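*Asks:* Encoded as structure tokens, here's the structure I'll be asking about.
The values are calculated or read from the model by the stated rules, or taken from the named source; none is laboratory data. It should be emphasised that the depicted structure is a prediction, and the values quoted were computed from it without experimental measurement. Glycine also receives a Cβ, built like all others from the backbone with ideal geometry; neighbour counts cover every protein chain displayed.
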Amino acid sequence: MKNIIVIMALVIHLNFFWMPTPARGDSLIVNPPFSGPKYEVEGTQAEAFPSSGQLMVRGAIKNTDIRPVRGYVVIYFLDEGNDVIHIIETEVNKKRAIDSGKIGKFEVGTQTNNVERVTRVYVEFVKN
């Protein structure tokens, strides 16, 4: 088994909102109209088995937003120069919504001819 560095992605959608300019010295306090959703990648583990060309990745997505969310992860297998060797997508939480404050797990295996070149794994959560 080969050791792989796991890079976890924190995915935060940014809020962009329009704020009018105060006129004639008036003060104006405007709160953003909404709070952007937030998700954290947690506890990611990656294993490589060079003899079989197998790569295994498991982890969890924590929903830190106030609303339930569902989505999938995109997993990038990188070499020392951060070049992408292999990409795979997999469902999170068996396609069920992840409630606020809860986690949804994922696990996936894949095969590639370049297992020996993989040194890093980057995990990105995509809301759908």
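*Asks:* How about the range 102-115: which of its residues are over 16 Å from the mean Cα position of the chain (by Cα) and loosely packed, with under 14 Cβ neighbours inside 10 Å?
*Replies:* Answer for the range 102-115, where residues must be over 16 Å from the mean Cα position of the chain (by Cα) and loosely packed, with under 14 Cβ neighbours inside 10 Å: G109, Q111, N113, N114.
*Asks:* Just to be sure I understand the filter: pairs with C-beta atoms under 6 Å, separated by 6 or more residues or on different chains, first member in the range 60-89 and within 22 Å of V121 (Cβ to Cβ), second member of a type in the set (S, T, N, Q) and in a loop (DSSP other than H, G, I, E, B). Which pairs pass?
*Replies:* Between residues of the range 60-89 that are within 22 Å of V121 (Cβ to Cβ) and residues that are of a type in the set (S, T, N, Q) and in a loop (DSSP other than H, G, I, E, B), the close pairs are N63/S100; G71/N128; D79/T119; E80/T119; I85/N114; H86/T112.
*Asks:* I'm trying to understand the selection: among the residues of the range 68-82, which are more than 21 Å from E47 (Cβ to Cβ) and exposed (fewer than 12 other Cβ atoms within 10 Å of the Cβ)?
*Replies:* G81
*Asks:* Here's a follow-up. Mind checking which pairs have a first residue in the range 103-122 that is in contact (Cβ under 8 Å) with a residue 60 or more places away in the chain and more than 12 Å from Q54 (Cα to Cα) and a second that is aliphatic (A, V, I, L, M) and part of a loop (DSSP other than H, G, I, E, B), Cβ under 7 Å, 6 or more apart or different chains?
*Replies:* As it stands, the answer is T119/I4; R120/I4; V121/I4; Y122/A9, since those pairs meet every condition given.
*Asks:* I'm told R96 meets every condition in (1) free of Cβ contacts under 8 Å to residues at least 24 places away in the same chain; (2) surrounded by fewer than 14 Cβ atoms within 10 Å (Cβ to Cβ); (3) not β-branched (V, I, T) except one. Can you identify the failing condition by its number?
*Replies:* Of everything listed in (1) free of Cβ contacts under 8 Å to residues at least 24 places away in the same chain; (2) surrounded by fewer than 14 Cβ atoms within 10 Å (Cβ to Cβ); (3) not β-branched (V, I, T), R96 misses just condition (1).
*Asks:* Residues that are modelled with pLDDT of 60 or more: find the strands (runs of 3 or more DSSP E) completely inside the range 1-117 holding 1 or more of those.
*Replies:* Strands (runs of 3 or more DSSP E) meeting the threshold: 5-8, 38-49, 54-63, 71-78, 84-91, 103-111.
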